[in-house]
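Data first, discussion second: the structure below is written as structure tokens.
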Amino acid sequence: MEAPDCMYRGEALSIPPSAPTPKHSLYLSNLDDQNFLRFSIKYLYLFNKSLNLDLLKSSLARVLVDYYPLAGRLRTVDHHKLEVDCNGQGALFAEAFTHTTLHQLLESSKTPNKSWKKFLYKVEAHTFVDVPPLVVQVTRLGCGGMILCTAINHCVCDGIGTSQFLHAWAQLTKKPEAELTIMPFHWRHVLKPRHPAEVKFRHAGYTAPNPTPQVDLLKFIQSQPLVATSFTLTPSHVLRLKKECVPSLKCTSFETVAAHTWRSWIRSVGQSLPSKLTVKLLFSVNVRRTVDLPQGYYGNGFLLACAESSVEDLVDSNLRHGVKLVQEAKARLKEEEYVRSMVDLLEDKTVKTDLSTSLVISQWSRLGLEEVDFGEGKPLHMGPLTSDIYCLFLPVAGDANAVRVLLSVPETMVERFQYQMMRQSREENEENGFF
């Protein structure tokens, strides 16, 4: 469904903090300041009932007193390093109206389309650095519902950090005089690199400058029209996948679904990949406990774990092979020395995330994003504004044990990818006589 145009109520407003805030430069760690993260995390929420916009703006101004770096602006120092100028300039807030209904949006919400970009105010900016760290658009619907779209700079917050901020904003919307349940911890010096750097391990998720990959799968995929695909894996589907690994290998739902998605993705590319080619799975792992980050740390406290396999081993082996590789990659990021080594590696700004033959998975299904309640109930839908070549694991409303897998693939891959992702469900139905 093509989304209708939004009718804006005047110009977007700047919402500064409601009280004086510290004015200083905020150092961003090497985990924050990766080229890979130079974008905004864009969430779309659908709420059954619209909220009072003056109340939302007032509570946003209040929460920005505590989260004042989000009211600042990014800037570049020393030619490449980013930092936040905490100047209290404010978040951008746009108000709009559209004639579509919640029912129409929910019907089409399983696979977001490009027209949904209309629900987020477009900032005219020369570069990523010029975009305010926080942009909000609230769109009232003809049926009385509300769309809330937020764009939060990924160099300032990770997924856990954005969830922490949104819950804080919601809390102050419901109880303006309340103290925040979790106070934000701003300082990123806890993740400063060592001098001299001590890169003691091989970090397969990163590559040296100007590599010449044997096969550039990323380039191949981006050269074609992309189609958003979405799969809801029920608890019974996940359990069936797990049964391929037990009893010899105990595994979590994430490990199982990640390995299954990786194998399905590579299988669906077709026969063009050399059998000995090394392919990678990069997935986010929270390292807050590993390096003992303070409570309330909302900066980037995750790293990309990297599982590697040859094409033939991944596509020809049972699921246990991929799951074991995912577990080994996760285990490495439980070692503080390994994490510190990676932080030191990223001090070299020529080092880049190796995306040439990699599937990247980001887990949104355990962040509490779907629990955000501004006072009129939890959202009917929470998800990304658009779909991309990066794979998202999303929460399923009303079923905490299900997971929705969202990923854009080339048109030529769609049918094969759908077959590979859902073949277990199809086989189960055949066994039960449903086909």
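Spacing of the modelled spin labels on residue 412 and residue 129, each 7 Å from Cα toward Cβ, amounts to 3.9 nm.
Under a Cβ-Cβ cut-off of 10 Å, what is the net charge of the residues other than residue 318 that fall near it, where Lys and Arg count +1 and Asp and Glu count -1?
Surrounding charge for residue 318 is 0.
Label segment 87-137 by shape, choosing from rounded, prolate and oblate, from the square roots a ≥ b ≥ c of the eigenvalues of the Cα gyration tensor; if a/c is under 1.5 it is rounded, and otherwise prolate applies when a/b is larger than b/c, oblate when it is not. Prolate shape, in that a/c is at least 1.5 and a/b is the bigger ratio. Rounded to the nearest 10 square angstrom, residue 155 shows an accessible area of 0 square angstrom against a 1.4 Å probe. Under 5 Å between amide hydrogens, built in the peptide plane, is the criterion, and for residue 227 it picks out 409, 411 among residues at least 5 positions away or on other chains.
Relative to one another, the C-alpha centroids of segment 124-162 and segment 26-92 are positioned 8 Å apart. In this label model, residue 400 and residue 5 are separated by 4.5 nm, measuring between points 7 Å along each Cα→Cβ vector. Which shape class, rounded, prolate or oblate, goes with segment 193-255 when its Cα gyration tensor gives a ≥ b ≥ c as root eigenvalues, a/c under 1.5 marks rounded, and past that a/b bigger than b/c marks prolate? It is oblate, given that a/c is not under 1.5 and a/b is not larger than b/c.
Taken one residue at a time, the phi angles of segment 192-207 give Karplus couplings (6.51, -1.76, 1.60, θ = phi - 60°) of 5, x, 7, 10, x, 5, 10, 8, 9, 10, 7, 10, 5, x, 10, 9 Hz. Gly and Pro are set to x. Heavy-atom accessible area for residue 408, with the other protein chains in place and a 1.4 Å probe, reaches approximately 10 Å².
Once divided by 2.2 N^0.38 Å, the Cα radius of gyration of segment 253-359 becomes 1.18.
Could you give the DSSP H helices of the chain that reach 18 angstrom or more along their long axis (alpha carbon positions) and whose average Kyte-Doolittle hydropathy is no lower than -1.0?
The qualifying helices are 53-66, 159-174, 253-269, 319-332.
Ordered from highest to lowest accessible area with the whole protein assembly present and a 1.4 Å probe, 33, 292, 388 read as 292, 388, 33.
For segment 73-88, 3J(HN,Hα) computed residue by residue from phi via the Karplus equation (6.51, -1.76, 1.60; θ = phi - 60°) reads 9, 6, 8, 9, 10, 6, 6, 9, 7, 8, 8, 9, 8, 7, 10, x Hz, glycine and proline entered as x.
Shape analysis of the chain based on the Cα gyration tensor places the equivalent ellipsoid semi-axes at 35, 28, 20 Å, largest first. Charged side chains reduced to their Cβ positions (Lys and Arg at +1, Asp and Glu at -1) give segment 287-336 a dipole of some 320 debye around its Cα centre.
Take the solvent-accessible surface of the protein heavy atoms, probe 1.4 Å, and return the percent of it on the chain that carbon and sulfur atoms account for. The computed percentage sits at 51. Of the whole protein surface, residue 218 contributes about 40 Å² of accessible area at a 1.4 Å probe radius.
Partners of residue 200 within straight-line reach, counting aspartates and glutamates whose Cα lies under 16 Å from its Cα and excluding those fewer than 8 residues away in the same chain: 335, 336, 337, 344, 347, 348. Computed 3J(HN,Hα) for segment 145-152, one whole-Hz value per residue from the Karplus formula 6.51 cos²θ - 1.76 cosθ + 1.60 where θ = phi - 60°, is x, 8, 9, 10, 10, 10, 10, 10, glycine and proline marked x.
The residues of segment 104-145 have, on average, 50 Å² of accessible surface per residue, using a 1.4 Å probe with all protein chains present. Accessible surface comparison of 320, 416, probe 1.4 Å, protein chains only, largest first: the order is 416, 320.
For residue 32, the residues 5 or more places off, or on other chains, whose built amide H falls under 5 Å of its own are 300. Scanning residues 5 or more positions from residue 15 or on other chains, those with amide H under 5 Å from its amide H are 91, 92, 93, with H placed 1.01 Å from N in the peptide plane. These residues, 413, 7, go from largest to smallest accessible area, 1.4 Å probe, as 7, 413.
The values are calculated or read from the model by the stated rules, or taken from the named source; none is laboratory data. Remember, it's a predicted structure, so these values are computed and weren't measured experimentally. Glycine gets a Cβ as well: all are built from the backbone with ideal geometry, and neighbour counts include every protein chain shown. Surface areas here come from the heavy atoms of the whole protein model, side chains and all, with no ligands, DNA or RNA. Shrake-Rupley method; radii C 1.70, N 1.55, O 1.52, S 1.80 Å.
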